[in-house]
1. Which of the residues belonging to region 151-168 are surrounded by fewer than 23 Cβ atoms within 10 Å (Cβ to Cβ) and charged (D, E, K, R)?
2. Where residues in region 310-323 are without any contact (Cβ under 8 Å) to a residue 24 or more places away in the chain and more than 18 Å from Ile273 (Cα to Cα), which of them is surrounded by the fewest Cβ atoms within 10 Å (Cβ to Cβ)?
3. Go through region 274-296 and give me each residue that's aliphatic (A, V, I, L, M) and surrounded by fewer than 20 Cβ atoms within 10 Å (Cβ to Cβ).
4. Within region 664-674, restricting attention to residues that are farther than 14 Å from Arg696 by Cα and of a type outside the set (S, T, N, Q), which residue is modelled with the lowest pLDDT?
5. Taking region 505-526 as the region of interest, how many residues are at pLDDT 75 or above, out of contact with any strand residue (DSSP E or B) (no Cβ under 7 Å at 6 or more places or on another chain) and of a type in the set (D, E, K, R)?
6. When the residues of region 576-593 are narrowed to those that are free of Cβ contacts under 8 Å to residues at least 24 places away in the same chain and not in a loop (DSSP other than H, G, I, E, B), which ends up farthest from Thr512 (Cα to Cα)?
7. Can you tell me which of Ser245, Ser307 is surrounded by 14 or more Cβ atoms within 10 Å (Cβ to Cβ) and within 20 Å of Gln188 (Cα to Cα)?
8. Identify all residues within region 664-697 that are among the aliphatic types (A, V, I, L, M), outside any loop (DSSP other than H, G, I, E, B) and touching a residue at least 24 places away in the same chain (Cβ under 8 Å); write none if there are none.
Amino acid sequence: MRSWRRARPRDVANLEREVVRRANPLEVVIPSLTGDVVRAGAAERFTRCPFHDDQHPSLRINVEKQRWYCDPCQTGGDVFEFVQRFRDMAFSEALTFLAERAGLNGNGPSPNDGPGDTEGGRGGTSPRKQYEHSNTSAHGVALAHYAEAKGLPEVFVCDLGVTEITVGGRSALRIPYFGEDGAEQAVQLRLALAKGERDARFKWRKGSKPCPYGLWRLEDARTEGRLALVEGASDTQTLWWHGISALGLPSASFTLDQLDGLLDGFTRIDVVIEPDRGGQTVLAGVAKTAFRDQVWLVTLGDANDPSELHLRDPEKFLDQWRLVTEAAQRWSDLDATERSERVTVTFRAAQELLDDPRLIDRIGDTLRARGYAGDVRPALLAYLALTSRLLDRPINLAFVAQSGAGKNTAVDFAKALMPAEAFHEIRACSERALIYDEVEVEHKVVIFAEVDSIPEEGPAASAVRSLASDNVMEYATVEKDAGRLRTRHIRKPGPTGLITTSTKRLPEQMSTRTLEVPIPDDERQTRAVLLAQAAEAAAPVTRPDVEDFIALQRWLADAGASAVWVPFAYELAAEVPARAVRMRRDHWQLLACVKASAVLHQRQRETRDGRIVAAFEDYAIARDLLASVFDALSTDGCTPAVRETVEAVRDDEELSASALADRLGVARSTLSSRAKRAMAGGWLVNEETGRGRPARYRRGSPLPEQISALPRVERVRELFECSTRHPGEVVPPPPYKEF
């Protein structure tokens, strides 16, 4: 470490030239003024000359002699002559400037102050605290002060490309983030040393995208096979100074899974967990990475971070680091312990439900007891869709009904029985919120309210279609990075399910990727809703607790099986209608519903080779919930409500909208919703062509034949029992009892 003698008295006018010169090494001062990087050569260092248009570094710095020279300019000198020329100063002004910069004029600490030194000797405020306190002034943060506060040689910090610049009239540090190829990828500005109330220490240069600090050192670190992962640049620099390979996380919002692929080849990754919210965020993020099994969790005792551990005693840092890394806990061991404890608790709470053969009925009874009115099947279907998040291909549903019919209610009641981590809900947002939201959606269901509000050809619609089609959200967008346009591919790992709501039929590209669930809009359903509201108003209603249902879902996610074998899938595929091309997608949804039921009832089902064997009861449940949906699909969207509306108009008559509504006993708004669907199918025709005039309906094309699209349970069972899946081998039937 350099040794400076302190100038006495501490007055700029009396400072000796040599003291100031030694306190301001050229290899530090020049880049701090020019903002350019100093590169090391065999015997000298090089940087671009600021006194001419220098495309190739031609300014040479002799570190030993502390002299600089530019061959094209044919000029050079010491640090004073550089500052005089660069700042257009007289010698006395340059002397004052450099003395103030080094803190030799009484306004700041001397570079010779060691840990614990103050003006009066040993003890008192440490240099780190002293500099952090002085940083609240208008001087900002100087490179010399930063290096001293972190206990690192200024030359070492400078060699990392850190330079001192001016931002808003105050000193600041420019910290370059280089990519694996050594090219500058981003720039972070450090504006202060002290954290302060709002923590305004850091700012990214406009156009910079936060990236890990130290990527350009990864290749060398990979040869060692071991890496430390820490928060921030200063902790990374501290570990580098001690010869420890490290990588720094750029910000609290940076998720660890963004390092997947970058950390391939490391056999051990020591992740430092700081004792604050940021540390807990890092710990939670480990589970979502591909390298989690190589992670060891390092805690530093009563030290907050590696920098603080270093400042306590730099000479003993390596010994302390060895002790804390030897005491580190492997993440997989911690996860297994926590998972085992969690599974024990959730199983104890959910066992009665898991072992109940009437589980679906119990769920329906609970929904009604909590205030759900009328036909409970839409809410049960939403519940199964939420459960299907555990499968490799979840169910996608679209609840379509007029405003106020209860489409969101069905979803809300179902998700009330789910843990918060089972879904990600988007209510009102810009069309790009779903894409840029940093929430992880793997093995979750995205609930997107009113998806019809998204432009059909917009970027969000494309991302939602990707989600609905492939259960993975992908989107490509063009962004500006450091002034250059580049394509950014956004991919959120799945599988992910989709539940959405809409007041009108979805566009073709979306409707073929979801199962459209109609909500009853007849008088009977409305009456049931009114009575439920009256019951709640007439007397206090005690809603049943749902913690056991939430525990059930958590047990399924943590300890339950999710691979399901449907032995009667061939027979089912042979019986469902195959006229419509969309059945190629819808058939998967039907099977997913069967599988979701099997997952719920897995403790009552057989298992073979680690897979749950779906029973005929699971198909019976799926059929009960999906029969009306598939009937409508097989008749081009002719739901029972639409069929009723069309049949209310006789072949030889023409009815006004009000007359048809009266005949059906429904409100005009309900009729309007039904009529739009009937006209879309061509089964009703509006003879009124005048804009804004009451509609006049007549019959159009014949209604499609009313059929049951899903085969009866008994039919599937009969076919299964008569079939052989492999020559000479009869597949035993799954368990079955009357449903």
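1. Asp159 - this is the single residue of region 151-168 that is surrounded by fewer than 23 Cβ atoms within 10 Å (Cβ to Cβ) and charged (D, E, K, R).
2. Looking at the filtered set, the residue picked out is Glu315.
3. Answer for region 274-296, where residues must be aliphatic (A, V, I, L, M) and surrounded by fewer than 20 Cβ atoms within 10 Å (Cβ to Cβ): Leu283, Ala284, Ala287, Ala290.
4. Filtering region 664-674 for residues that are farther than 14 Å from Arg696 by Cα and of a type outside the set (S, T, N, Q), the one modelled with the lowest pLDDT comes out as Ala667.
5. 2
6. His587
7. Details: Ser245 fails: within 20 Å of Gln188 (Cα to Cα).
None of the other options fit; the residue is Ser307.
8. Answer for region 664-697, where residues must be among the aliphatic types (A, V, I, L, M), outside any loop (DSSP other than H, G, I, E, B) and touching a residue at least 24 places away in the same chain (Cβ under 8 Å): Leu671, Ala675, Ala678, Ala680, Leu684.
The values are calculated or read from the model by the stated rules, or taken from the named source; none is laboratory data. Predicted model only: the values in this text are computed from it and were never measured. All Cβ positions, glycine included, derive from the backbone under ideal geometry; neighbour counts span all protein chains shown.
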